[in-house]
Amino acid sequence: MDLISTTAALRDACDRLAAQSFVTVDTEFMRETTYYPKLCLIQMAGPDGTGVLVDPLAKDIDLQPFVDLMADEGVVKVFHSARQDLEIVWLMGGLLPQPFFDTQVAAMVCGYGDSVSYEQLVNDVAKAKIDKSSRFTDWSRRPLSDAQLSYALSDVTHLVTVYETLVSELLSTDRGAWLDEEMSVLTSPDTYKADPAQAWRRLSGRMRKPREIAVLMEVAAWREREAQTRNVPRGRILKDEAVIDVASSAPRSVEALGRLRSIPAGFERSRTGTEILEAVERGFARDTADVPRLERGRTRGGGNGALVELLKVLLKAVCEAERVAPKIIATVDDLEALADDDEADVPVLQGWRRALFGEKALALKHGRLALSAEGGRIVVRSLE
């Protein structure tokens, strides 16, 4: 379990893995005190289960051979719950691995449940147990313990068996195409570009007034740029609660900013306070006609509440019968949209999802399909 700590050794390992049909990959990182993840360890394994551990914190190591391997289209890159790992690859090399396979997404298609954990999947598929005691240790400290290295290695060695099993199941059920849409989101650069101009969306909540949204857009963008520049978490610049308060109250003076309960005493007279007020003014300078209008969410339990609940029962019954996780078929928002509109622009009424569930949902909605309970199970029957 020696750590690779030189560029030459890393290049040799990556050259060996590049000759394989696939490579399993995982990373250990920390971001509690930074905006961007701090990469602390890279783990890889080939089809024979031989693992490789790379120390990205080693002095003078160049990680370009790893980036080159991620870019090699002749090798499938296998991750589990890959979102944050892919972000790291994107930040390192400005690219995303292709071809790419996420075992968590594949497990949903194969009926292992919604967002199944790696530990559970290893237990179910590889019949192995993982010691999770090192999971939340400090991966930036050196030397790493044997327990840490063993845990890190198990994240890629067992993944070999998991990947091979899931691929076999996908081929036998002809569901490989079902993964394409989910994988396309993960392999889109837009997923990993932290655009300050879009930072307001995660805080918009129930705001509906154009002026509030305009101020929110400017204050949230300012905070995002500051966090990126200083490489610190957003909350270190200004907490979410304070951003929302500023957007709602729109203070235009030092005194007004200081009166906000979420702003620490004296903060309003600092450089940061000045910049917040400048962001507020930019919000007021925006033309409210150009500010995005947010749709009010549907009121659950309203006129279509009972129908939505019935569609949930149908979804669960169909997914149990087809051995697929409900999450990958439809969300509650999808069901609410479908209850309102037969032609709603939602994934559940398109492609394979429509064939598997959408048509049945429309039939149920219009009285052409019935649900009944028999022997403790939901039975779906056509009435045509």
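The values are calculated or read from the model by the stated rules, or taken from the named source; none is laboratory data. Being a predicted model, the structure only gives us computed values, none of them experimental. Positions of Cβ are generated from backbone atoms using ideal geometry, with glycine treated the same way; all protein chains shown enter the neighbour counts. Calculation scope for accessible area: heavy atoms of the full protein, side chains included, ligands and nucleic acids excluded. Shrake-Rupley method; radii C 1.70, N 1.55, O 1.52, S 1.80 Å.
Just checking, does the range 237-244 include any residue being open to solvent by 50 Å² or more (accessible area, probe 1.4 Å) and touching a Lys or Arg at 6+ places or on another chain (Cβ under 8 Å)? Yes - at least one qualifying residue is present in the range 237-244. When ASP190 is tested against (1) among the acidic types (Asp, Glu); (2) open to solvent by 30 Å² or more (accessible area, probe 1.4 Å); (3) modelled with pLDDT of 95 or more, exactly one condition is not met: (3).
Would you check if GLU224 is in a helix (DSSP H, G or I), under 18 Å from the mean Cα position of the chain (by Cα) and surrounded by 14 or more Cβ atoms within 10 Å (Cβ to Cβ)? Answer is no for this residue.
The residue that is nearest to ASP195 (Cα to Cα), among those in the range 255-273 that are in a helix (DSSP H, G or I) and touching an Asp or Glu at 6+ places or on another chain (Cβ under 7 Å), is LEU257. Among the residues of the range 131-148, is any touching an Asp or Glu at 6+ places or on another chain (Cβ under 7 Å), in a loop (DSSP other than H, G, I, E, B), open to solvent by less than 30 Å² (accessible area, probe 1.4 Å) and under 24 Å from GLN20 (Cβ atoms)? No, because not a single residue in the range 131-148 is touching an Asp or Glu at 6+ places or on another chain (Cβ under 7 Å), in a loop (DSSP other than H, G, I, E, B), open to solvent by less than 30 Å² (accessible area, probe 1.4 Å) and under 24 Å from GLN20 (Cβ atoms). Of all the residues in the range 344-361, those that are of a type in the set (A, V, I, L, M, F, W, C), part of a helix (DSSP H, G or I) and either touching a residue at least 40 places away in the same chain (Cβ under 8 Å) or surrounded by 15 or more Cβ atoms within 10 Å (Cβ to Cβ) (or both) number 6. The residue that is most open to solvent (accessible area, probe 1.4 Å), counting only those in the range 104-120 that are over 11 Å from SER81 (Cβ atoms) and part of a loop (DSSP other than H, G, I, E, B), is ASP114.
The set of residues in the range 267-293 being at pLDDT 95 or above and among the aromatic types (Phe, Trp, Tyr) consists of PHE284 alone. Taking the range 362-384 as the range and being outside any strand (DSSP E or B), without any contact (Cβ under 8 Å) to a residue 24 or more places away in the chain and in contact with a Lys or Arg (Cβ under 9 Å, 6 or more places away or on another chain) as the test, the residues that pass are LEU383, GLU384.
Tell me, yes or no, whether the range 57-79 has at least one residue that is assigned to a loop (DSSP other than H, G, I, E, B), within 26 Å of ARG175 (Cα to Cα) and charged (D, E, K, R). Give the steps one after another, and end with the answer.
Just the residues of the range 57-79 that are assigned to a loop (DSSP other than H, G, I, E, B), to begin with: 57-63, 72-75.
Next, from what is left, pick out any that are within 26 Å of ARG175 (Cα to Cα): 72-75.
Subsequent filtering for residues that are charged (D, E, K, R) retains 72-73.
So far as the range 57-79 goes, yes, one or more of its residues are assigned to a loop (DSSP other than H, G, I, E, B), within 26 Å of ARG175 (Cα to Cα) and charged (D, E, K, R).
Checked against the criterion of being assigned to a loop (DSSP other than H, G, I, E, B) and open to solvent by 30 Å² or more (accessible area, probe 1.4 Å), the candidates ARG252, ARG282 yield just one match: ARG252.
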